[in-house]
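Inspection log for the structure reproduced underneath, given as structure tokens.
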Number of protein chains: 2
Amino acid sequence: MRTALADERILMKHGAGGRAMRRLIEDVMMAGLGDGLKPGDIGLRAMDDGAAIRVGDKWLVMTTDSHVVHPIFFPGGDIGRLAVSGTVNDLSMMGATEVLGLTCAVVLEEGFSRDNLIRVQMSMRDTALEAGAPIVTGDTKVMGRGELDGIILNTTGVAITDHIVTDAGLQPGDMLIVTGTIGDHGFAVMTARHNLALEGHLVSDVAPLNGMVRSVLMVAGRDVVAMKDPTRGGVSSAVHEMAAKARVTIVLDEPSIPVSDEARAASELLGIDPLNVANEGKAVIGVRPWAAKAVLAALHAHPLGQRAAIVGQCVDGGASVVLDTGVGRRLLVEPEGEPLPRIC
Amino acid sequence: MRTALADERILMKHGAGGRAMRRLIEDVMMAGLGDGLKPGDIGLRAMDDGAAIRVGDKWLVMTTDSHVVHPIFFPGGDIGRLAVSGTVNDLSMMGATEVLGLTCAVVLEEGFSRDNLIRVQMSMRDTALEAGAPIVTGDTKVMGRGELDGIILNTTGVAITDHIVTDAGLQPGDMLIVTGTIGDHGFAVMTARHNLALEGHLVSDVAPLNGMVRSVLMVAGRDVVAMKDPTRGGVSSAVHEMAAKARVTIVLDEPSIPVSDEARAASELLGIDPLNVANEGKAVIGVRPWAAKAVLAALHAHPLGQRAAIVGQCVDGGASVVLDTGVGRRLLVEPEGEPLPRIC
């Protein structure tokens, strides 16, 4: 079923980070958007985490994200920290860890609490400081009561780098590393939204990753061949996209994929696979096999990479993802999208 | 009355481009946002149309805007054209007319018409082509039915330039030029929203101004000392901000300010001064007195500047705006903000 034929109206799944969203973007968002970029530049058509434009002998990297997370305050973070981290992370996934500037555009519902707005702004400031990413300009709009549910933030970021890492660079033999436990953000927001009582303390992993990525690039340089942050649609969506773009098969070793006890409990309670759940402080990193150990060591030495693990390897074959469960292998189906709306 | 003391909730006027909004930005948005910029860079604190960051011997200019206009299709334009033009114009007002890249982030309400989304995207494409400004990356989010009224667009733009024009460069003696008739955008949206029947054909002026600004900078170079696009809050807000930043008094010659017959009729019907009404294809340009004629000629030679006029001059004195009505002079009071919400 093609979206182009079947859908006359926008559905929630069109924003869920999976196949439905990708089809909408391909069919509508990019239709006729002649990039106007020079050959070699990376624009909309690459559907990467951002765009990369040649400026002299450097790359200017740009990325944008709107944030509609609900609730706006959740265990481990809030919409402000999410916005800054999300944008810094998209830049980092392109190999651009030195952020020149972030923009912050706020749309508010009439009647929104001024105190909550201050909390969000303070959180943006703190996260921007943590990432060394200056917020340089902004915009404020207000919509009437009932015209918007609370607040939307848009953050757009710009960075300059010598070398671009895409999400399409995998080759057979390359190893896949996940930088820590998966699913924490999505499950934390779900439990906050639905007031689920769980054992332990489930918190979002939301964090700016540019420092961690910098240390990875420092030890492995161009042996880092692909990066992606597994946000909406989780690790499953991310690896499916990486496999499809590079036309390799990714074999994931399920027992090696780190999942916290709390996320595991939430996963079982809700019947949702952590592989499909959003992360906001994790990266999937593809590296040449000989560099895997050094990258893993660099990650383990970083506060945000303590539980990093090698979780898979690329093999020849046609753009698919195979899950090795330890007792057998099965094809991992790409999720239609993130199971929960407004996760980021 | 200070916003900081009196307001516990966000009000419509906080998004209306005038004094109330400026106070909110100063008190909340910028509170503690330590820019992290280098001395000389232009960041949030300048409250200009965008930010300017030194990169080598050039300036990287960044600007962001969210667009919430209602209705999304109006005479002369739509939200897509508005978004691209608004961002291109903010860059142009900083003197940066060669756009490296625009981002486009879309937030949609579940149930939004796919056909309307296509119309908006096509309009963005056309306007981006007109401006020679490539749309390089994007983002799509969907909110539930009733959580958002239709669609919000965010466009962020980046440009590189050798020379920055701020909105703060006026000196006594400088001339002020408006590049055409004022109020057309705001009145067009108002009449569309309220189905007002008016004589003639009132259309928004929404257009990307970078080509026109380029031709102005070509003839006058550094004699162009200040630019601002009079969007929310209209020409009145713009000149008040320019006067305040430069600590000059601006004397506006009311009879010289171009107003179309249609906007005049709307103004009289609605009892709203065109000076307070939003424009989306006009600039207020401050020039050294000896350059005024050449700038005016360059504007008249451009399709978007046919009705440009010299409308005022700066004199010594304390940051105010005086309106010379032809029969007398009075202090022009800064509007609290745009009279109509969701004008852009």
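The values are calculated or read from the model by the stated rules, or taken from the named source; none is laboratory data. Everything quoted here is computed from the prediction, not taken from an experiment. Virtual Cβ from ideal backbone geometry, glycine too; neighbours counted across all protein chains shown. For accessibility, only protein heavy atoms count, side chains too; no ligands or nucleic acids. Shrake-Rupley method; radii C 1.70, N 1.55, O 1.52, S 1.80 Å.
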In what sequence, largest accessible area first, do B:ARG342, B:ARG288 appear using a 1.4 Å probe?
-> B:ARG288, B:ARG342
Given 0.36 nm per residue, what is the gain on full extension from A:ARG264 to A:MET218 after removing their alpha carbon distance, in nm?
-> 13.3 nm
B:GLN171 label point, 7 Å along Cα→Cβ, cut-off 14 Å on backbone N: hits in the stretch B:210-241?
-> B:222-226
Any idea which of A:CYS104, A:HIS201, A:MET143 is furthest toward the positive side of the dipole for chain A, if Lys and Arg beta-carbons carry +1 and Asp and Glu beta-carbons -1?
-> A:CYS104
For A:ALA301, what is the net charge nearby, where nearby means another residue's Cβ is under 15 Å from its Cβ and Lys, Arg count +1, Asp, Glu -1?
-> +3
Just the accessible area per residue of the stretch B:41-161, please: how many Å² with a 1.4 Å probe?
-> 24
Considering only the label points, 7 Å along Cα→Cβ from Cα, what distances in nm to one decimal separate B:GLY146 from the same position in each other copy, shortest first?
-> 1.1
For A:VAL327 and A:TRP290, what does the FRET efficiency come to when R0 = 45 Å and r is the distance between their Cβ atoms, rounded to the nearest 0.05?
-> 0.90
Rounded to the nearest 100 Å², what's the accessible area chains B and A bury against each other, both chains counted, probe 1.4 Å?
-> 6600
Could you run the Karplus curve 6.51 cos²θ - 1.76 cosθ + 1.60 with θ = phi - 60° over the stretch B:179-188 and give me ³J(HN,Hα) per residue in whole Hz, x for Gly and Pro?
-> 7, x, 5, 10, x, 4, 5, x, 5, 4
Compute from the Cα atoms of the stretch A:41-161 the Rg and the Dmax, the latter being the longest Cα-Cα distance, and quote both in angstrom.
-> 15.1, 49
Sorted by accessible surface (1.4 Å probe, heavy atoms of the protein chains only), largest first, A:ARG145, B:ARG22 come out as A:ARG145, B:ARG22
Counting only DSSP beta bridges with both partners in the stretch A:202-344, the antiparallel fraction in percent, to the nearest 5, comes to 75
If you take the square roots of the eigenvalues of the alpha-carbon gyration tensor of chain A and sort them as a ≥ b ≥ c, do you get rounded (a/c under 1.5), prolate (a/b over b/c) or oblate?
-> rounded
Evaluated at 37 °C and 0.692 mPa s, the Stokes-Einstein D of the stretch A:241-315 based on the Kirkwood radius over Cα pairs, in µm²/s, stands at 234
Within straight-line cross-link reach of A:LYS293, aspartates and glutamates at Cα separation under 15 Å, skipping those fewer than 8 residues along the same chain = A:ASP174, A:ASP223
Could you run the Karplus curve 6.51 cos²θ - 1.76 cosθ + 1.60 with θ = phi - 60° over the stretch A:306-322 and give me ³J(HN,Hα) per residue in whole Hz, x for Gly and Pro?
-> 3, 9, 4, 8, 6, 10, x, 9, 8, 10, 4, x, x, 6, 9, 10, 10
Copy-to-copy label separations for B:PRO39, where each label sits 7 Å from Cα toward Cβ, in nm and ascending = 4.7
5 angstrom amide H check on B:ILE135, placed H, neighbours 5+ away = B:LEU102
Output, in nm with one decimal and in ascending order, the distances from the B:SER256 label point to the matching label points of the other copies (7 Å from Cα along Cα-to-Cβ).
-> 7.4
For the stretch A:127-144, in residue order, the Karplus 3J(HN,Hα) values (coefficients 6.51, -1.76, 1.60; θ = phi - 60°; whole Hz; Gly and Pro = x) are 5, 5, 5, 4, 8, x, 10, x, 8, 9, 7, x, 7, 10, 10, 10, 10, x
Can you pick out the pairs among A:LYS228/B:LYS13; B:LYS13/B:LYS282; B:LYS13/B:LYS38; A:LYS141/B:LYS38; B:LYS58/B:LYS228 whose Cα atoms lie more than 30 Å from each other?
-> A:LYS228/B:LYS13; B:LYS13/B:LYS38
DSSP beta bridges in the stretch B:41-161: the antiparallel percent, rounded to 5, is 75
When you look at the Cβ of every residue in B:53-59, what mean number of other chain Cβ atoms sits within 10 Å?
-> 3
The protein assembly as shown - mean residue ellipticity at 222 nm from DSSP helices (-39,500 (n - 2.57) per run, n ≥ 4, rounded to 500) | -8500 deg cm²/dmol
Once you treat every alpha carbon in the protein assembly as shown as an equal point and sum by Debye, what is log10 I(q)/I(0) at q = 0.06, 0.07, 0.09, 0.11 Å⁻¹?
-> -0.33, -0.45, -0.73, -1.06
Please work out how much accessible surface A:ARG9 shows to a 1.4 Å probe, ignoring ligands, DNA and RNA, in Å² rounded to 10.
-> 130
If amide H atoms are built 1.01 Å from N in the plane of the peptide, which residues on other chains or at least 5 residues away come under 5 Å of the amide H of B:GLY317?
-> B:THR249
Does the stretch B:175-331 come out rounded, prolate or oblate by the C-alpha gyration tensor, with a ≥ b ≥ c the root eigenvalues, rounded set by a/c under 1.5 and, if not, prolate when a/b is larger than b/c and oblate if not?
-> oblate
Expressed as a percent, the accessible surface of the stretch A:174-314 that is carbon or sulfur, using a 1.4 Å probe and the full set of protein chains, is 52
Quantify how strongly other chains surround peptide B:112-118 by giving the mean number of their Cβ atoms within 10 Å of each of its Cβ atoms.
-> 5
Whose amide H sits under 5 Å from the amide H of A:VAL311, counting only residues 5 or more places off or on another chain, with H placed in the peptide plane?
-> A:LEU176, A:ILE177, A:VAL178
Within a 10 angstrom radius of each residue's Cβ in A:10-20, how many Cβ atoms of other chains show up on average? Whole number is fine.
-> 5
